[in-house]
Amino acid sequence: AQKVTQAQTEISVVEKEDVTLDCVYETRDTTYYLFWYKQPPSGELVFLIRRNSFDEQNEISGRYSWNFQKSTSSFNFTITASQVVDSAVYFCALSEPVSNFGNEKLTFGTGTRLTIIP
Amino acid sequence: DAGVIQSPRHEVTEMGQEVTLRCKPISGHDYLFWYRQTMMRGLELLIYFNNNVPIDDSGMPEDRFSAKMPNASFSTLKIQPSEPRDSAVYFCASSSGLAGGPGQFFGPGTRLTVL
């Protein structure tokens, strides 16, 4: 069975500090997809990134970066120079490929509540 | 596109009443998903459809829950009869299913309170 573990329940950092959110996953599939979603206080779920299991290149998007390591089954998310607007709950998710397209049947972690202190 | 649309945004009902949640996916998306979010259980996939056909309903908690997708632009999640433990935020999401695509887009959710 698939499982996603986000061991950090809550994190607080002072604005402008860097912060890393951890995500460890378990799957028996050789092809899978990993995701990060952001849930701000308003409640909606915002897609951040989707990563194919065959692509271990790290990705950077502005202040956000992701480190995917298959050897440790981890897909960590780093926010550089954090801002108050980054305060949210962040979810890591793993998908079980039902078809060749992937991204169906997401299994979510329990989320990490990130608070950026001004 | 307006994104995934859910209605109502908030629903308060009494135990035993029927509740119907509605979802309009993004036009052109072939997959539609219903999730439930609670403090105790987090985000759980209830059921998902592909081309209006239910593919996996293993997450539906009980027979009290049912979901339909009569056409490509509309889906409902019904709870009958409702119970206080059904109180949660219910999200609908849709995706194109295309390889390399951006994944599932979520609606704003319906916050259900069963008294």
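The values are calculated or read from the model by the stated rules, or taken from the named source; none is laboratory data. Given the structure is predicted, the values throughout are model-derived calculations rather than measurements. We place every Cβ from the backbone using ideal geometry, glycine too, and count neighbours over all the protein chains shown. Ligands, DNA and RNA are excluded from the accessible area calculation, which covers all protein heavy atoms including side chains. Shrake-Rupley method; radii C 1.70, N 1.55, O 1.52, S 1.80 Å.
Quick rundown of the values:
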{"item": "Hits in region B:82-115 - residues which are open to solvent by less than 20 Å² (accessible area, probe 1.4 Å), in contact (Cβ under 8 Å) with a residue 24 or more places away in the chain and over 11 Å from the mean Cα position of the chain (by Cα)", "result": "B:Ser82, B:Asp86, B:Ala88, B:Ser95, B:Gly97, B:Gln104, B:Leu112, B:Val114"}
{"item": "Of all residues making up region A:10-39, the number that are at pLDDT 95 or above and part of a loop (DSSP other than H, G, I, E, B)", "result": "6"}
{"item": "Residue check, B:Ile79 in contact with a helix residue (DSSP H, G or I) (Cβ under 9 Å, 6 or more places away or on another chain), buried (at least 20 other Cβ atoms within 10 Å of the Cβ) and either within 12 Å of chain A (Cβ to nearest Cβ) or under 19 Å from B:Glu11 (Cβ atoms) (or both)", "result": "yes"}
{"item": "Some residue of region B:73-83 being touching an Asp or Glu at 6+ places or on another chain (Cβ under 9 Å) and within 20 Å of A:Phe35 (Cα to Cα)", "result": "no"}
{"item": "Where A:Cys92 falls short, out of the listed (1) modelled with pLDDT of 95 or more; (2) more than 14 Å from A:Val4 (Cβ to Cβ)", "result": "(2)"}
{"item": "Exclusive hit being more than 14 Å from every other protein chain (Cβ to nearest Cβ), under 11 Å from the mean Cα position of the chain (by Cα) and under 26 Å from B:Pro108 (Cα atoms), set A:Phe68, A:Phe77, A:Phe91, A:Phe47", "result": "A:Phe77"}
{"item": "Conditions (1) away from chain A (no Cβ under 14 Å); (2) touching a residue at least 24 places away in the same chain (Cβ under 8 Å); number of the one not met by B:Asn71", "result": "(2)"}
{"item": "Qualifying residue in region B:49-58 (condition: free of Cβ contacts under 8 Å to residues at least 24 places away in the same chain, more than 8 Å from every other protein chain (Cβ to nearest Cβ) and open to solvent by less than 60 Å² (accessible area, probe 1.4 Å))", "result": "yes"}
